[in-house]
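Below is one structure; the comments refer to it alone.
The values are calculated or read from the model by the stated rules, or taken from the named source; none is laboratory data. Computed from a predicted model, the values in this text were never measured in an experiment. Note that each Cβ is placed from the backbone with ideal geometry, even for glycine, and that neighbours are counted across all protein chains shown. Quick note on the areas: whole protein, heavy atoms, side chains included, nothing else; ligands and nucleic acids left out. Shrake-Rupley method; radii C 1.70, N 1.55, O 1.52, S 1.80 Å.
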Amino acid sequence: MPARRCKALIGITCSRMVGAAWSQLSKGHFINYTLEAYGRAVVACGAVPVLVPVGQVTAGLELILDRIDGLILSGGPDVHPRHYRAMPLAGLADVDDELDRMELELARLALARDIPLLGICRGIQILNVACGGSLIQDIGSQVPGALLHNPSIDKRVLSHTVRIETDSLLGRIIGAGEIWVNGRHHQAVDKVAPGLTVSAVAPDGIVEAVEDSARRFALAVQWHPEGTWKSDPHCLRLFEALVEACGSG
Ligand SMILES: [Mn+2]
């Protein structure tokens with residue numbers, strides 16, 4: 001029997017630079033951002049973060065899942081539409097096939113093991129696709145009249161409101177009603193996967209949070225709590241709730 005750990009170990013998936021982003025941002029940006037934003041939020045909640053890099057095959061993922069207590073599916077590039085049986089549309093941006101395959105497999109394995117899971121931005125999209133749902137490839141070109149979900153502002157700045165369902169895990173964690181969030185996404189959940197329920201929506205109807213109530217803790221949000229947890233108690237609560245769930249197995 002392994003020695004009992006007093007702190008939860010939280011795996012955080014980490015994207016890498018793909019496509020046009022290579023020339024716009026410095027090499028290593030995703031690793032630095034993942035550690036500085038998500039990693040520090042996990043540390044602030046009394047847990048220990050460990051990055052899960054691109055390129056793991058199933059055997060490697062199983063080994064990682066043997067050791068972590070919880071998982072964060074982090075933000076990143078678009079999900080290739082082939083994973084939800086659709087053809088690419090004009091608004092599709094950068095994709096990373098190896099990251100898609102790794103995160104989709106990791107999400108399915110974590111759900112099967114009932115490891116507490118928090119999806120963030122791309123993470124809600126990965127969770128929905130892993131469970132059989134589909135995505136809006138580009139809100140701006142596919143959803144007339146939608147709010148601006150992808151403003152060119154810092155992730156620490158709040159951008160629009162969402163309404164949280166009362167009878168949901170998310171509602172129990174941060175309270176029901178309307179809150180401001182720092183969304184920065186151009187893709188979104190389209191057909192909600194079987195087994196998932198919507199627990200927050202934006203004023204234009206865009207899905208902003210989903211969860212799987214059959215699991216111990218499987219929740220994903222479309223906004224970026226890793227960008228605002230230092231100033232916004234709602235966002236810190238999401239990380240705290242994940243870490244708390246890791247101790248309740
Ligand atoms: Mn949004």
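Per-structure values
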| item | result |
| --- | --- |
| Matching residues, the stretch 156-173, being surrounded by 19 or more Cβ atoms within 10 Å (Cβ to Cβ) and hydrophobic (A, V, I, L, M, F, W, C) | V162, I164, L169, L170, I173 |
| Of residues in the stretch 154-166 being modelled with pLDDT under 95 and away from the ligand (no atom under 14 Å from the Cβ), the one nearest to W229 (Cα to Cα) | R156 |
| Scan of the stretch 94-114 for residues that are over 15 Å from the mean Cα position of the chain (by Cα) and in contact (Cβ under 8 Å) with a residue 24 or more places away in the chain, ordered by number | D94, V95, D96, E98, L109, R113, D114 |
| Yes/no for S152 being hydroxyl-bearing (S, T, Y) and part of a helix (DSSP H, G or I) | no |
| Which listed residue is within 19 Å of the chain's Cα centre (by Cα), of a type in the set (A, V, I, L, M) and within 13 Å of the ligand (Cβ to nearest atom), from A200, A146 | A200 |
| Residue pairs meeting the criteria (Cβ under 7 Å; at least 6 apart or on separate chains; first of a type in the set (A, V, I, L, M, F, W, C), in the stretch 133-159; second in a strand (DSSP E or B)) | L135/A188; L135/V189; I136/A188; I139/A188; V143/I136; L147/H160; L158/W180; L158/V181 |
| Counted residues, the stretch 174-191 - those being open to solvent by 40 Å² or more (accessible area, probe 1.4 Å) and either within 12 Å of the ligand (Cβ to nearest atom) or free of Cβ contacts under 8 Å to residues at least 24 places away in the same chain (or both) | 4 |
| Extreme residue, least open to solvent (accessible area, probe 1.4 Å), among residues of the stretch 94-115 that are part of a loop (DSSP other than H, G, I, E, B) and modelled with pLDDT of 95 or more | I115 |
| Matching residues in the stretch 74-88 - criterion: being more than 30 Å from R40 (Cβ to Cβ) and in contact with a helix residue (DSSP H, G or I) (Cβ under 7 Å, 6 or more places away or on another chain) | H80, H83, Y84, M87, P88 |
| Among the residues listed as W223, W229, the single one being among the aromatic types (F, W, Y) and touching a Ser or Thr at 6+ places or on another chain (Cβ under 9 Å) | W223 |
| Residue among P233, P194, P225, P151 that is surrounded by fewer than 19 Cβ atoms within 10 Å (Cβ to Cβ) and within 16 Å of the ligand (Cβ to nearest atom) | P151 |
